[in-house]
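What follows is a set of notes on a single structure, which appears directly below.
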Amino acid sequence: AFALSVVFEGAEDKTELPVLQKSEESRTISKVSKELKEIVFVIQSQSNYFHSKRAENLKRDILKQAADLGKELPTVLLIHQMDRHEGAWTILPLMKDFSVTYGRNSSWIFFCEEDTTIKVIKLLEILGRFDRSKEWFLGKALYDEESTIIHHYAFAENPTVFKFPDFAAGWALSIPLVNKLAKKLKSEPLKSDFTIDLKHEIALYIWQKGEGPHLTPVPEFCTDDVNSYKVDYCATTFSNFLPLCGEPVKKEDVFVAVKTCRKFHGDRIPVVKQTWEREAALIEYYSDYADISIPTVDLGIPNTDRGHCGKTFAILERFLNRTSPRISWLVIVDDDTLISIFRLRKLLSCYDPNEPVFLGERYGYGLGTGGYSYITGGGGMVFSRIAVEKLLASKCRCYSMDAPDDMVLGMCFSGLGIPVTHSPLFHQARPMDYPKDYLAHQIPVSFHKHWNIDPVKVYFTWLAPSTEESHNGKKVGYNREDL
């Protein structure tokens, strides 16, 4: 890297460059160019216009940096354009294609998110430290501090021992490892029905209960902001705290539906009222019992112990038929969801309400063998009105009243050709269920569940519009480290 910096700094005045240095420069750039062509960049993109535009911008930036270094440009792929696979976003189903297409002439597959910033010359330097003929799994290491439901309580005795990559920092697989994974997938198809936390599940699959490589931490793969003092040290940086694409969506354009039932009126609804209800201009509570003190709306659908498909579809019908057509957005949350409507309104400024948008935290079901993606309900499901219209105009409905509503919705939208739109700012679980380093580069929109936490404290620590919030006439402020 030092040699290259000297070459480029001296290149401004060609008359002062000795012949030897000129030839050294051309050899260095030729070498860099060759190495660069052997990297396949894969951007974990989405088809929604806002996201695809950001991914295209990153692709252009990578290719521009490459062009400045030499003629041999790398391959840059956008995952949402690899539409032969419904589950392309889960990455493992793509390994066979990667192996066939790039297995002989490439050295690395480098994955990144649409908001990852890459310094190509620095990345080349980092990858050059590793023997490309060996199996390597590189990334910024995350780990669980305690066993968590989203990882099926894996490594319960000591969850810190297992490392998995923070996708935001970028991560890399050497081609020998890609070829090995492709071979394994050919003989043993993916068995897991659910995709919940992709980064953890990919690391588990690669590790193969100790038969495959562990993640090798790379300190230069960073999630620090581009303005960080560490930026010169990093090959990658990341900035996607909370996108804002214009004025926040008006309060009156967002209708919030809270799913509840009589047995939770006394303990869960007061939490909503103490925390985020004040942020919502339009909010209704839907229950199996009309309680005027809240008030709740009895939809005439009995409560079920499992899924709530019947209730959710009744909410969708009511939204379409009983609210003003000028209301662009519907948000459906559980009564134990903690959400920042203030931040959601900022986020929604990036999406076109005239397009069918189904937004939240994306999970997958059966994606190795067809299947579909869905927005997991606990973190909050956001619909544009046009998405609700298209859904209800179709014949797709609950196969039973207690079917899982979020999964049925995913199946319906998949059948309509409307992709779910993923945002990592929605969370199906509690803050302590995620690595601290992962949450450090987020301004979260939601969390879910009241298990073994003080939900009011969690809200004012993680989701309130400011770190100090007036609560019952008192100023309160909490330290995230306490949670």
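The values are calculated or read from the model by the stated rules, or taken from the named source; none is laboratory data. Every value quoted in this text rests on a predicted model; they were computed, and no experiment measured them. Heads up, the Cβs are rebuilt from the backbone with ideal geometry, glycines too, and the neighbour counts pull from every protein chain shown. Heavy atoms of the whole protein, side chains included, go into the accessibility calculation; ligands, DNA and RNA do not. Shrake-Rupley method; radii C 1.70, N 1.55, O 1.52, S 1.80 Å.
Restricting the search to the range 44-74, which residues are free of Cβ contacts under 8 Å to residues at least 40 places away in the same chain and in contact with a helix residue (DSSP H, G or I) (Cβ under 7 Å, 6 or more places away or on another chain)?
Ser52, Lys71, Glu72, Leu73, Pro74
Suppose we filter Glu113, Glu86 for residues that are surrounded by 20 or more Cβ atoms within 10 Å (Cβ to Cβ), assigned by the TED database to the domain that holds Val226 and of a type in the set (Asp, Glu); which single one remains?
From the options Glu113, Glu86, the qualifying one is Glu113.
Restricting to the range 375-399, count the residues that are at pLDDT 95 or above, over 23 Å from Pro248 (Cβ atoms) and open to solvent by 10 Å² or more (accessible area, probe 1.4 Å).
Of the residues in that region, 9 qualify.
What are the residues in the range 155-192 that are within 23 Å of Leu367 (Cβ to Cβ), surrounded by 14 or more Cβ atoms within 10 Å (Cβ to Cβ) and more than 21 Å from the chain's Cα centre (by Cα), if any?
Passing the criteria: Leu177, Val178, Asn179, Lys180, Leu181, Ala182, Lys184, Leu185, Leu190.
Just the residues that are at pLDDT 85 or above, among the hydrophobic types (A, V, I, L, M, F, W, C) and not in a strand (DSSP E or B), please, taken from the range 219-230.
Cys222
Before we move on, is Thr216 in contact with a Cys (Cβ under 8 Å, 6 or more places away or on another chain) and closer than 22 Å to Asp131 by Cα?
No, not satisfied.
Go through the range 436-460 and count every residue that is in contact with a strand residue (DSSP E or B) (Cβ under 8 Å, 6 or more places away or on another chain) and within 15 Å of Gln274 (Cβ to Cβ).
5
Test Gly246 against the criterion of being outside any strand (DSSP E or B) and closer than 29 Å to Glu86 by Cα, and give yes or no.
Considered against the rule, which asks whether it is outside any strand (DSSP E or B) and closer than 29 Å to Glu86 by Cα, Gly246 comes out as no.
Pick from the range 303-315 the residues that are outside any helix (DSSP H, G or I) and touching a residue at least 60 places away in the same chain (Cβ under 8 Å): which of them is least open to solvent (accessible area, probe 1.4 Å)?
By that ranking, first place goes to Gly307.
Of everything in the range 413-444, what is of a type in the set (D, E, K, R) and open to solvent by less than 40 Å² (accessible area, probe 1.4 Å)? Give them in sequence order.
Matches in the range 413-444: Arg430, Asp433.
Being within 30 Å of Tyr459 (Cβ to Cβ), touching a Pro at 6+ places or on another chain (Cβ under 6 Å) and open to solvent by 10 Å² or more (accessible area, probe 1.4 Å), is that true of even one residue in the range 350-372?
Yes, the range 350-372 has at least one match.
What is the one condition in (1) among the aromatic types (Phe, Trp, Tyr); (2) crowded, with 23+ Cβ neighbours inside 10 Å; (3) out of contact with any His (no Cβ under 7 Å at 6 or more places or on another chain) that Phe447 does not satisfy?
Failing condition for Phe447: (3).
Which condition from (1) open to solvent by 50 Å² or more (accessible area, probe 1.4 Å); (2) under 29 Å from the mean Cα position of the chain (by Cα); (3) not hydroxyl-bearing (Ser, Thr, Tyr) is the one that Ala257 breaks?
(1)
State all residues of the range 161-200 that are closer than 29 Å to Ala440 by Cα, in a helix (DSSP H, G or I) and in contact (Cβ under 8 Å) with a residue 60 or more places away in the chain; if no residue qualifies, say none.
Answer for the range 161-200, where residues must be closer than 29 Å to Ala440 by Cα, in a helix (DSSP H, G or I) and in contact (Cβ under 8 Å) with a residue 60 or more places away in the chain: Phe167, Ala168, Ala169, Leu198.
Six or more apart or on different chains, Cβ under 9 Å: which pairs go from a residue in the range 258-282 that's in the same structural domain as Trp329 (by the TED database) to one that's open to solvent by 20 Å² or more (accessible area, probe 1.4 Å) and among the small types (Gly, Ala, Ser)? Could you list them?
His265/Ser293
Do the conditions hold for Phe98, that is, is it in contact with a Phe, Trp or Tyr (Cβ under 6 Å, 6 or more places away or on another chain), among the hydrophobic types (A, V, I, L, M, F, W, C) and at pLDDT 95 or above?
no
Kindly indicate which of Leu338, Leu320 is touching a residue at least 60 places away in the same chain (Cβ under 8 Å) and buried (at least 23 other Cβ atoms within 10 Å of the Cβ).
Result of the check over Leu338, Leu320: Leu338.
Can you pull out the residues in the range 318-363 that are touching a Ser or Thr at 6+ places or on another chain (Cβ under 7 Å) and among the acidic types (Asp, Glu)?
Asp335, Glu355, Glu361 - these are the residues of the range 318-363 that are touching a Ser or Thr at 6+ places or on another chain (Cβ under 7 Å) and among the acidic types (Asp, Glu).
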